[in-house]
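Peer 1: Quick one: the structure is below, questions incoming.
The values are calculated or read from the model by the stated rules, or taken from the named source; none is laboratory data. Bear in mind the structure is a predicted one, so any value in this text is a computation, not a measurement. Cβ atoms come from the backbone with ideal geometry, glycine included; neighbour counts cover every protein chain shown. Note: accessible area is taken over every heavy atom of the protein model, side chains too, but ligands, DNA and RNA are not part of it. Shrake-Rupley method; radii C 1.70, N 1.55, O 1.52, S 1.80 Å.
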Amino acid sequence: MSAEESERSRLPFEPNKKRQKPAKTQSKPAAQPQESGKQADRKRSYTKQEMAIPQVVSQRMIRRVAGFCGVPTALGISVLVVSYLLAIYSKIQLPPIAVLLVNMGLFGLGVLGITYGVLSASWDEERVGSLLGLGEFNTNWGRMVAVWRETRQKNS
């Protein structure tokens with residue numbers, strides 16, 4: 001485990017070793033020699049079950065996305081309906097630019113709600129997390145940034 005990996009906390013469902021990309025070859029060699037223990041560990045492929053997000057965590061993410069994305073999106077649709085009904089039945093004409101800007105703002109919040117819903121969920125199977133998920137968001141954002149930096153350093 002490298003120093004960077006030990007600095008960030010590992011996910012409960014994250015595999016211990018990094019999965020290697022399969023080598024692109026056009027023809028297979030006739031016989032492959034046995035590899036040493038470390039090389040065999042590195043080339044080990046993980047099953048879908050090992051790489052998958054646990055059911056409890058994914059359901060938690062879905063509930064949060066539904067709330068943080070669904071509420072602003074429903075409000076955006078409601079603004080369209082209410083502005084239409086006001087224009088038809090009460091002859092109140094709202095400026096179209098105001099309706100557009102409010103809708104764009106609410107739909108934009110809905111898009112951000114998708115990201116926040118996933119990152120604010122507790123990724124630990126045993127821990128539910130808080131209602132708004134601010135602590136979980138900070139933890140998960142830190143994990144994500146650490147992996148981005150690690151990947152960028154490997155590719156440089």
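Peer 1: Restrict the check to the stretch 68-75 and report whether at least one residue is modelled with pLDDT under 95 and open to solvent by 60 Å² or more (accessible area, probe 1.4 Å).
Peer 2: Within the stretch 68-75, not a single residue is modelled with pLDDT under 95 and open to solvent by 60 Å² or more (accessible area, probe 1.4 Å).
Peer 1: Any residue at all in the stretch 100-113 that's at pLDDT below 95 and of a type in the set (S, T, N, Q)?
Peer 2: No, the stretch 100-113 has no match at all.
Peer 1: Can you pull out the residues in the stretch 88-122 that are part of a loop (DSSP other than H, G, I, E, B) and either within 22 Å of Arg60 (Cα to Cα) or open to solvent by less than 60 Å² (accessible area, probe 1.4 Å) (or both)?
Peer 2: Correct list: Ser90, Ser120, Ala121, Ser122.
Peer 1: Could you please give the count of residues in the stretch 128-147 that are outside any helix (DSSP H, G or I) and either more than 15 Å from the chain's Cα centre (by Cα) or among the β-branched types (Val, Ile, Thr) (or both)?
Peer 2: 5
Peer 1: Quick one: which of Glu150, Glu125 is in a loop (DSSP other than H, G, I, E, B), among the charged types (D, E, K, R) and in contact (Cβ under 8 Å) with a residue 24 or more places away in the chain?
Peer 2: Result: Glu125 is the single residue among Glu150, Glu125 that is in a loop (DSSP other than H, G, I, E, B), among the charged types (D, E, K, R) and in contact (Cβ under 8 Å) with a residue 24 or more places away in the chain.
Peer 1: Further, regarding this structure: Can you find a residue that is of a type in the set (Gly, Ala, Ser), open to solvent by 50 Å² or more (accessible area, probe 1.4 Å) and under 23 Å from Val56 (Cα atoms) anywhere in the stretch 123-130?
Peer 2: Yes, some residue in the stretch 123-130 is of a type in the set (Gly, Ala, Ser), open to solvent by 50 Å² or more (accessible area, probe 1.4 Å) and under 23 Å from Val56 (Cα atoms).
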